[in-house]
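*Asks:* After the structure tokens below, expect a handful of questions from me.
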Amino acid sequence: MTARIGVVTFPGTLDDQDALRAVRLAGAEPVSLWHRDKDLRQVDAVVLAGGFSYGDYLRAGAISRFSPVMETIIDQAKSGMPVLGICNGFQILTEAHLLPGAMLQNNHLHFICRDQKLRVENAETAWTADYEQGREISVPLKNMDGRYVADERVLDELEAEGRVAFRYLDLNPNGSLRDIAGITNAAGNVVGLMPHPEHAVEPLVGTGGTDGLGFFTSIVKRLVAA
């Protein structure tokens, strides 16, 4: 069985081709999905790639959340389909209420672009199983609206249930509460994070390492095993 993983393109998406390449490098069949099509083309999992969909008008991800493709993705995600939201994709997942909390402008009010060290806090999700809990990885980070916020009740729930998937190390680049870089839903099939693992999948580009490839090999192994 060859797993089919879809990557959605919205108007303003920047990193769909990088995500498709990462899927291919992990051994799956990459499938391009268009935001206006409800048909997911029989994919087994979906990646919402990074960028500035609809120019981040209103709020980052606020318009994309109502794209026709999201109707299907929301329904399928609630039924267990794996979904990964990267950067703008993470913002879309919070706007769609597939993940709790919200993304605000960086606390320093500047766009940031840097290699960012993370710690893997949950290695049991569909997208993180190829990592070990506590492992430190480095992947690129690039955003303007990357500050994760939620009320104390939600934050405490995330911590208590082990749903903080990744945490910033050495430096909190955007003021995210409790250094949260990425979270998961309770079922572990939906994961969102601000840094870009698809830019760290081969030595030639990005960080010069492959720390991000584990996201994609994790889901491929999960799908093949299923």
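*Asks:* Counting just the residues of the stretch 118-159 that are assigned to a loop (DSSP other than H, G, I, E, B) and free of Cβ contacts under 8 Å to residues at least 40 places away in the same chain, which one comes out least open to solvent (accessible area, probe 1.4 Å)?
*Replies:* ALA123
*Asks:* While we're looking at this one, here's another question. Within the stretch 45-84, take every residue that is among the polar types (S, T, N, Q) and under 23 Å from ALA126 (Cα atoms) and give me the one that is least open to solvent (accessible area, probe 1.4 Å).
*Replies:* Taking the candidates together, the pick is THR72.
*Asks:* Right, something else. Against the conditions (1) of a type outside the set (Asp, Glu); (2) within 21 Å of MET103 (Cβ to Cβ); (3) modelled with pLDDT under 95, where does PHE10 fall short? Just the number, please.
*Replies:* With respect to (1) of a type outside the set (Asp, Glu); (2) within 21 Å of MET103 (Cβ to Cβ); (3) modelled with pLDDT under 95, PHE10 is out only on (3).
*Asks:* Here is a further query. Only one of these conditions is not met by GLY192: (1) under 27 Å from VAL46 (Cβ atoms); (2) over 14 Å from the mean Cα position of the chain (by Cα); (3) touching a residue at least 40 places away in the same chain (Cβ under 8 Å). Which number is it?
*Replies:* All conditions are met except number (2).
*Asks:* Could you give me the residue pairs with C-beta distances under 6 Å whose first residue belongs to the stretch 23-38 and is under 18 Å from VAL220 (Cβ atoms), whose second residue is among the polar types (S, T, N, Q) wherever it lies, and which are 6+ apart or on separate chains?
*Replies:* ALA26/THR217; GLU29/THR2
*Asks:* Now for a separate question. Can you find, within the stretch 1-36, the residue that is nearest to LEU193 (Cα to Cα) among those that are open to solvent by 80 Å² or more (accessible area, probe 1.4 Å) and assigned to a loop (DSSP other than H, G, I, E, B)?
*Replies:* LEU14
*Asks:* A follow-up question, please. Is there any pair with a first residue in the stretch 94-116 that is over 16 Å from GLY175 (Cβ atoms) and a second that is open to solvent by less than 30 Å² (accessible area, probe 1.4 Å) and among the polar types (S, T, N, Q) whose Cβ atoms are under 8 Å apart and which are 6 or more apart or on different chains, and what are they?
*Replies:* Listed pairs, sorted by first residue: GLU95/SER64; LEU98/ASN185; LEU99/THR184; LEU99/ASN185; PRO100/THR94.
*Asks:* If you scan the stretch 41-62, which residues turn out to be closer than 15 Å to THR9 by Cβ, under 18 Å from the mean Cα position of the chain (by Cα) and part of a loop (DSSP other than H, G, I, E, B)?
*Replies:* Within the stretch 41-62, VAL43, ALA49, GLY50, PHE52, GLY61 meet the criteria.
*Asks:* If you don't mind, another one. Take the conditions out of contact with any Gly (no Cβ under 8 Å at 6 or more places or on another chain), part of a loop (DSSP other than H, G, I, E, B) and not aromatic (Phe, Trp, Tyr) and apply them to GLY162. Does it pass?
*Replies:* Yes; evaluated as a whole, the condition is true for this residue.
*Asks:* Among the residues of the stretch 122-143, what is the count of those that are modelled with pLDDT of 95 or more and over 22 Å from ALA26 (Cα atoms)?
*Replies:* 2
The values are calculated or read from the model by the stated rules, or taken from the named source; none is laboratory data. All values reported here derive from a predicted model rather than from experimental measurement. All Cβ positions, glycine included, derive from the backbone under ideal geometry; neighbour counts span all protein chains shown. Just the protein is used for accessible areas: all its heavy atoms, side chains included, with ligands, DNA and RNA removed. Shrake-Rupley method; radii C 1.70, N 1.55, O 1.52, S 1.80 Å.
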